[in-house]
Amino acid sequence: MTSPHDALPLDDARAASKRWHDERHAFVTSPLGNLALVLTHWSPAGDEPVSDEQARAGHPVDAVLTRLTRADIDTGETQHGYRIWQTDSPANLAFEGIESYEYDPDWVIDAEFELVADDRVIPFEHLRDAGATRGLPVPGDLVFERAGIPYRLAAFANGDVLQLVFGDATNGVESYGAGRFLAVPRPEIPDGASTGDRVPVTLDFNRAYVPPCGFSSQMNCPLPPPQNRFAVPVRAGERVAVFAEGFTL
């Protein structure tokens with residue numbers, strides 16, 4: 001997906017934002033997009049993975065099977081799981097689009113990424129874990145000030161991006177109730193940098209997006225920790241997924 005551009009003229013920034021929204025629509029409706037997920041199954045911790053035949057039982061022949069593993073939340077043992085994806089899933093068939101806010105340059109924020117100890121993890125509650133938490137690696141804090149209010153947000157490591165899970169005053173009223181995500185490209189860290197050092201980073205909340213659990217009930221999304229909750233409305237980025245009348249996830 002495209003990345004934000006620094007200091008673009010407003011018309012160009014709006015055009016880049018429109019391309020990003022188009023890419024998001026293409027992604028969520030793709031064969032392995034969020035809408036296509038119809039089943040996530042986890043075996044008991046320590047059990048062997050189920051066979052392909054058993055996993056596919058009762059599903060169409062063109063359904064896609066993928067595998068995944070995680071650490072059991074109670075014991076830490078390896079837990080095997082699988083997912084079933086269908087392009088003609090009920091959610092895909094009922095999907096009508098994603099409501100979004102108009103592009104707002106005021107929500108492109110100059111921030112700093114402050115390094116912390118390499119082994120820091122922060123507990124994140126997940127939507128389907130009944131209040132339990134999973135520790136996720138958070139390699140630094142996103143630090144900035146807005147309207148005189150200092151912010152220090154925790155974004156966990158997710159490949160080559162920092163995954164920010166945040167909440168704000170629009171949740172459940174104008175935007176998805178459980179919060180939204182923002183993928184922040186990981187900044188380049190200078191040689192010799194250590195804990196407490198900071199490097200500049202841009203947070204473009206116009207690219208905030210509805211998490212996967214807003215498109216499929218079979219996703220288990222992290223929820224915003226207390227320090228990632230804005231008291232003010234963040235009217236930028238995606239709001240909610242829209243489905244045909246009468247459809248619920």
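The values are calculated or read from the model by the stated rules, or taken from the named source; none is laboratory data. Since this is a predicted model, take the numbers as computed values, not measurements. Positions of Cβ are generated from backbone atoms using ideal geometry, with glycine treated the same way; all protein chains shown enter the neighbour counts. Remember, those area values only see protein heavy atoms, side chains included, never the ligands or the DNA or RNA. Shrake-Rupley method; radii C 1.70, N 1.55, O 1.52, S 1.80 Å.
Say R0 is 22 Å: what FRET efficiency, to the nearest 0.05, do Asp160 and Leu93 get from their beta-carbon distance?
0.10
To the nearest 10 Å², what's Ser175's accessible area with a 1.4 Å probe?
Rounded to the nearest 10, that gives 10 Å².
Semi-axes of the equivalent ellipsoid of region 36-109: what are they in whole Å, largest first, if each equals the square root of 5 times a C-alpha gyration tensor eigenvalue?
Taking √(5λ) for each eigenvalue gives 33, 22, 8 Å, largest first.
Evaluate the Debye formula for region 1-74 with equal point scatterers sitting on the alpha carbons, no solvent, and hand back log10 of I(q)/I(0) at q = 0.12, 0.13, 0.20 Å⁻¹, in q order, two decimals.
Debye curve over Cα of region 1-74, log10 I(q)/I(0) at q = 0.12, 0.13, 0.20 Å⁻¹: -0.58, -0.63, -0.92.
Using the alpha-carbon atoms, what tilt in degrees (0 to 90, nearest 10) does helix 10-28 show relative to the longest principal axis of the chain?
Helix 10-28 and the main axis of the chain meet at about 20 degrees.
Mind checking the full-extension length gain between Asn220 and Arg120? Use 0.36 nm per residue of separation minus the Cα-Cα distance, one decimal, nm.
Between Asn220 and Arg120, full extension yields 33.8 nm more.
Expressed in nm to one decimal, what extension gain is obtained for the pair Phe27 and Asp191 from 0.36 nm per residue of sequence separation less their Cα-Cα distance?
Result for the pair: 55.5 nm of gain on full extension.
Any chance you could tell me what percent of the C-alpha pair distances in the chain go past 27 Å?
42
With springs only between Cα atoms under 10 Å, which of Arg207, Arg120, Arg239 fluctuates most in a Gaussian network model of the chain?
Comparing Arg207, Arg120, Arg239 in the GNM, the peak value goes to Arg120.
In nm, to one decimal, how far is the Ala71 label point from the Ala130 one, both placed 7 Å along Cα→Cβ?
2.1
How many percent of DSSP beta bridges within the chain run antiparallel, rounded to 5?
Looking only at bridges with both residues in the chain, the antiparallel portion is about 95 percent.
By per-residue mean of other Cβ atoms within 10 Å, what is the highest-first order of 89-95, 107-113, 67-73?
Packing proxy ranking, top to bottom: 89-95, 107-113, 67-73.
In deg cm²/dmol and to the nearest 500, what is the mean residue ellipticity at 222 nm of the chain if only DSSP H runs of at least 4 residues count, each as -39500 (n - 2.57), divided by the residue total?
Roughly -3500 deg cm²/dmol at 222 nm, from the helical runs in the chain.
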